[in-house]
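> Take this structure, written in structure tokens, and hold onto it; I'll ask about it next.
The values are calculated or read from the model by the stated rules, or taken from the named source; none is laboratory data. In this text the structure is predicted, and so the values were computed from the model without any measurement. Because the Cβ atoms are built from the backbone with ideal geometry, glycine has one as well, and the counts that use them run over all protein chains shown.
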Amino acid sequence: NDGGGSESLTLGFEPVAPTDANQITVPAGYTATVFLPWGTPVTGAYPDFDLQANNTGEQQEQQVGMHHDGMHYFPIDVNEGGSSSTEGLLVVNHEYIDQNAAHPNGPTTLENGDRPADEVRKEIASHGITVAHIKRDSNGQWDLMQSAYNRRITGATPMDLRGPVRGAAKVITPYSTNGTRTRGTLNNCAHGVTPWNTYMMAEENWHGYFVTRDEPKPKEYQRAGVGTESRYDWELADSRADEYVRFDATSTGASATDDYRNEPNGFGFMVEFDPFKPESVPQKRTALGKFGHEGVIFAPATEGEPVVCYSGDDRRFEYIYKFVSAQPYRADTANGSLLDNGTLYVARFNDDGSGEWLPLSMDDAGFVQKMEAAVGTQVGDIQFDEAFANQADLLLNTRLAADIAGATPMDRPEWGAVDPLTREVYFNLTNNSQREEDDTDPANPNGPNPWGHIIRWKEAGGDQSATEFEWDIFVFGGESGTQTVVDGDVVVELDESNQFNSPDGLWFDADRRLWIQTDGRWGDPWGNNMMLASNPDTREIKRFLVGPSNCEVTGVVTTPDQTSMFVGIQHPVAWPEESAEGHPRSSCVVITRDDGGVIGA
Ligand code: FEO
Ligand code: CA
Ligand code: CA
Ligand code: CA
């Protein structure tokens, strides 16, 4: 590491001790305030939230969704070059739901096994994202505005397919007979922000929303894990409406007339939309691949150079990807079409600390050669009988293409972050309970890996679109005493002030503080899940925040002046206070410093 250094890169707060207190704990001199919890009225008629969860599906479509995750703050004047830290659009992902919290007495199953359609409608509406126009008043308090910018995008919102998969035979459904549209976005874990100030939501564990009873399963569903039962049984809605039976992808599906066997092929993408255009149709950018997208992280864009972004596939033994646009970035014309045409690569981490980006492209002779050699063989669990027909077919089977290319199976890649100064790329490898001791490699050296680690790399020659890189391990998670050793030197030894496990969220602030959020084991000695701040040059790490019981801490952003920080609290069990005995509410929290200073400094 070149230790480029920023004088503003300080971690000036007293670290928070591990705690199992059912509250937000922040350092002395800081205040955390619950903001925009599940159910907050945000659009339309602004229906009041009912603490006992009696709101209808229609009301939920006008309220903040559940299970907050990735988020970003767009200054209200950002498209005019401004950087307002007192007014902006906060965009928040809603990853999944807690059915018990969502309904007064949990989910209902009717005598014939069906589910009441309005419960299903409410659950679909609890997914997606919220756009909230927010403003800081003269007392320093953040408020939600009643604004035409406010928006809910849900599991039912119409979306366009873009890139090579658009119009492919395998995305034709009764809803889109030319394969250009699909309905809704699901399991929006983390996110990304493009260099042209649009937001991207990731579709992570999309496979669990669908069923297929077809045997053999199409290879797309086999590799993804689409099974015979769905996590929420939406396909069993008693209205049998087309918008619900579509979750059954069996070729002779739940509906006698509709064949939704291709429906799951419309999910598993990064989805772009412009929060400043409330009527705009979200765009699924298929060139970035189809897998369990955790999120996407863009390298800072350079005029005249390709746009480069990175995405992890958060499942055990899955991969890290990079996309390089075919067209160069031009600040005055850049838009999402840059993401429709380019090269998708997958990472191989060599044992000697070097790495390679392997193209997944039907235009790449090396890839095509490997693919042709694989035809007729077993690739993982899949009998690979037919070469990919074209790039759309490859992308619908991105994981399989990456298997064929020879990528390195990782310990669950969650969020990534690009150092704004050095351009090094950091990725959280959250944990991997199933890695065997004899199946480790230097990039994933622990078998099993219960506590996770953070890997980082630098692209060759400082060129973000290079096809080679050099990697090292930034830090290993673990209990007090866990060491990270480089060339025989102990570069980190965790203690009580910074022990952590299962790094998940990861984000660089403008001063290059690297914020690390956890989604792992709680209880002794860990306390609850947490957020830490670190210095990428020195590897100093300090615990900044501990969340309430059972939650994960996920999603973090500040205002440009860094005096307000927004953090996501997902799946608490008895929080916030007024929900302690009823229906817990995932939420954002706003963190400010009592002296008005920079968060973390
Ligand atoms: Fe949704 Fe990978 O966390
Ligand atoms: Ca989560
Ligand atoms: Ca996550
Ligand atoms: Ca996680």
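> Out of N100, N150, N55, N139, which single residue is under 24 Å from K284 (Cβ atoms), more than 16 Å from ligand 2 (Cβ to nearest atom) and among the polar types (S, T, N, Q)? Explain how you work it out, then say what you get.
Working: N100 fails: under 24 Å from K284 (Cβ atoms); N55 fails: under 24 Å from K284 (Cβ atoms); N139 fails: under 24 Å from K284 (Cβ atoms).
Residue meeting the stated conditions: N150.
> Looking at I473, I516, which is the one that is under 26 Å from D441 (Cα atoms), within 16 Å of ligand 1 (Cβ to nearest atom), aliphatic (A, V, I, L, M) and in contact (Cβ under 8 Å) with a residue 12 or more places away in the chain?
Working: I473 fails: within 16 Å of ligand 1 (Cβ to nearest atom).
Among I473, I516, only I516 is under 26 Å from D441 (Cα atoms), within 16 Å of ligand 1 (Cβ to nearest atom), aliphatic (A, V, I, L, M) and in contact (Cβ under 8 Å) with a residue 12 or more places away in the chain.
> Tell me which residues, restricted to region 448-473, are of a type in the set (D, E, K, R) and farther than 16 Å from G353 by Cβ.
Looking only at region 448-473, we keep the residues that are of a type in the set (D, E, K, R), and these are 456, 458-459, 463, 468, 470, 472.
Selection gives D463 alone.
> Now a separate question. For region 149-164, does any single residue satisfy the condition of being assigned to a loop (DSSP other than H, G, I, E, B) and free of Cβ contacts under 8 Å to residues at least 24 places away in the same chain? If you could, list the steps in order and put the result at the bottom.
Here is the first cut: in region 149-164, the residues assigned to a loop (DSSP other than H, G, I, E, B) are 149-150, 154-157, 163-164.
Filter once more, keeping what is free of Cβ contacts under 8 Å to residues at least 24 places away in the same chain: none.
So far as region 149-164 goes, no, none of its residues is assigned to a loop (DSSP other than H, G, I, E, B) and free of Cβ contacts under 8 Å to residues at least 24 places away in the same chain.
> Right, something else. Quick test of your reading of the structure: K284 fulfils all but one of (1) under 26 Å from I153 (Cα atoms); (2) within 16 Å of ligand 2 (Cβ to nearest atom). Name the failing condition by number.
Of the numbered conditions (1) under 26 Å from I153 (Cα atoms); (2) within 16 Å of ligand 2 (Cβ to nearest atom), the odd one out for K284 is (2).
> Still on this structure, please answer the following. Just to verify a result, which residue in region 42-101, among those that are charged (D, E, K, R) and farther than 23 Å from H583 by Cα, is surrounded by the fewest Cβ atoms within 10 Å (Cβ to Cβ)?
So in region 42-101, the residues charged (D, E, K, R) come out as 48, 50, 58, 61, 69, 77, 80, 87, 95, 98.
Narrowing the set further to residues that are farther than 23 Å from H583 by Cα leaves 77, 80, 87.
Numbers: D77: 12, E80: 8, E87: 16.
Checked region 42-101; the qualifying residue surrounded by the fewest Cβ atoms within 10 Å (Cβ to Cβ) is E80.
> So, one more: I want to confirm something. Restricting to region 400-434 and keeping residues that are aliphatic (A, V, I, L, M) and under 22 Å from A224 (Cβ atoms), which single residue is nearest to ligand 3 (Cβ to nearest atom)?
Here is the first cut: in region 400-434, the ones aliphatic (A, V, I, L, M) are 400-402, 404-405, 407, 410, 417-418, 421, 425, 429.
Then keep just the ones that are under 22 Å from A224 (Cβ atoms); that gives 400-402, 404-405, 407, 410, 429.
Details: L400: 24, A401: 24, A402: 20, I404: 27, A405: 25, A407: 21, M410: 14, L429: 12 Å.
So, considering only residues that are aliphatic (A, V, I, L, M) and under 22 Å from A224 (Cβ atoms), the one nearest to ligand 3 (Cβ to nearest atom) is L429.
> Among the numbered conditions (1) over 22 Å from T398 (Cα atoms); (2) within 16 Å of ligand 2 (Cβ to nearest atom), tell me where N188 comes up short.
(1)
> Moving on to the next point. Being of a type in the set (F, W, Y) and in contact (Cβ under 8 Å) with a residue 60 or more places away in the chain is the filter here, so list the residues in region 178-211 that pass it.
Of the residues in region 178-211, the ones of a type in the set (F, W, Y) are 196, 199, 206, 209-210.
Matches in region 178-211: W196, Y199, W206.
> While we're here: Quick check, is R315 within 16 Å of ligand 4 (Cβ to nearest atom), surrounded by fewer than 24 Cβ atoms within 10 Å (Cβ to Cβ) and of a type in the set (K, R)? So that I can check it myself, show each step before the final result.
Working: within 16 Å of ligand 4 (Cβ to nearest atom): yes; surrounded by fewer than 24 Cβ atoms within 10 Å (Cβ to Cβ): yes; of a type in the set (K, R): yes.
Judged against the criteria, R315 is a match.
> Further question on the same structure: Quick one: S251 ticks every box in (1) assigned to a loop (DSSP other than H, G, I, E, B); (2) within 25 Å of the chain's Cα centre (by Cα) bar one, so which box is it?
Status for S251: all satisfied but (2).
> Within region 287-336, restricting attention to residues that are part of a loop (DSSP other than H, G, I, E, B) and of a type in the set (S, T, N, Q), which residue is farthest from N350 (Cα to Cα)?
Taking region 287-336 and keeping what is part of a loop (DSSP other than H, G, I, E, B), we get 289-292, 294-296, 299-305, 314-315, 319, 329-335.
Then drop every residue that is not of a type in the set (S, T, N, Q), which leaves 302, 333, 335.
Values: T302: 28, T333: 38, N335: 35 Å.
This residue is T333.
> Next up: Counting only residues that are in contact (Cβ under 8 Å) with a residue 60 or more places away in the chain and either hydrophobic (A, V, I, L, M, F, W, C) or touching a Leu at 6+ places or on another chain (Cβ under 9 Å) (or both), give me the strands (runs of 3 or more DSSP E) lying completely in region 348-459 with at least 3 of them. Before the answer, list the steps.
Details: elements: 354-359, 377-379, 382-384, 413-418, 425-429, 453-459.
Where strands (runs of 3 or more DSSP E) fall fully within region 348-459 and carry at least 3 residues being in contact (Cβ under 8 Å) with a residue 60 or more places away in the chain and either hydrophobic (A, V, I, L, M, F, W, C) or touching a Leu at 6+ places or on another chain (Cβ under 9 Å) (or both), they are 413-418, 425-429, 453-459.
> Select from region 462-479 the residues that are more than 23 Å from the chain's Cα centre (by Cα) and in a loop (DSSP other than H, G, I, E, B) and list them in ascending order.
Those that are more than 23 Å from the chain's Cα centre (by Cα) and in a loop (DSSP other than H, G, I, E, B): D463, A466, T467, E479.
> Could you give every pair whose Cβ atoms fall below 9 Å, whose first residue belongs to region 567-578 and is under 18 Å from D519 (Cβ atoms) and at pLDDT 95 or above, and whose second residue is away from ligand 3 (no atom under 16 Å from the Cβ) and of a type in the set (F, W, Y), counting only separations of at least 6 or pairs across chains?
Once the first residue is under 18 Å from D519 (Cβ atoms) and at pLDDT 95 or above and sits in region 567-578, its partners that are away from ligand 3 (no atom under 16 Å from the Cβ) and of a type in the set (F, W, Y) give I569/W575.
> Same structure again: Would you pick out the residues in region 480-496 that are in a loop (DSSP other than H, G, I, E, B), exposed (fewer than 15 other Cβ atoms within 10 Å of the Cβ) and modelled with pLDDT of 95 or more? Give the derivation first.
Filtering region 480-496 down to residues in a loop (DSSP other than H, G, I, E, B) leaves 480-482, 487-488, 494-496.
Right, trim to exposed (fewer than 15 other Cβ atoms within 10 Å of the Cβ) and you get 480-481, 487-488, 495-496.
Correct list: S480, G481, D495, E496.
> Answer yes or no as to whether P450 is away from ligand 2 (no atom under 16 Å from the Cβ) and out of contact with any strand residue (DSSP E or B) (no Cβ under 8 Å at 6 or more places or on another chain).
So P450 passes the test.
> Of all residues in region 523-541, how many are within 16 Å of ligand 1 (Cβ to nearest atom) and farther than 22 Å from Q562 by Cα?
1
> Can you tell which of N187, N197 is closer than 24 Å to L90 by Cβ, in contact with a strand residue (DSSP E or B) (Cβ under 9 Å, 6 or more places away or on another chain), surrounded by 24 or more Cβ atoms within 10 Å (Cβ to Cβ) and not hydrophobic (A, V, I, L, M, F, W, C)? Don't jump to the end; show me each part of the working.
Working: N197 fails: surrounded by 24 or more Cβ atoms within 10 Å (Cβ to Cβ).
That would be N187, the only listed residue that is closer than 24 Å to L90 by Cβ, in contact with a strand residue (DSSP E or B) (Cβ under 9 Å, 6 or more places away or on another chain), surrounded by 24 or more Cβ atoms within 10 Å (Cβ to Cβ) and not hydrophobic (A, V, I, L, M, F, W, C).
> Just a yes or no: is a residue in region 415-429 within 16 Å of ligand 2 (Cβ to nearest atom), of a type in the set (D, E) and closer than 30 Å to W522 by Cα?
Looking through region 415-429, none of the residues is within 16 Å of ligand 2 (Cβ to nearest atom), of a type in the set (D, E) and closer than 30 Å to W522 by Cα.
> Any residue in region 258-275 that is of a type in the set (S, T, N, Q) and free of Cβ contacts under 8 Å to residues at least 60 places away in the same chain?
no
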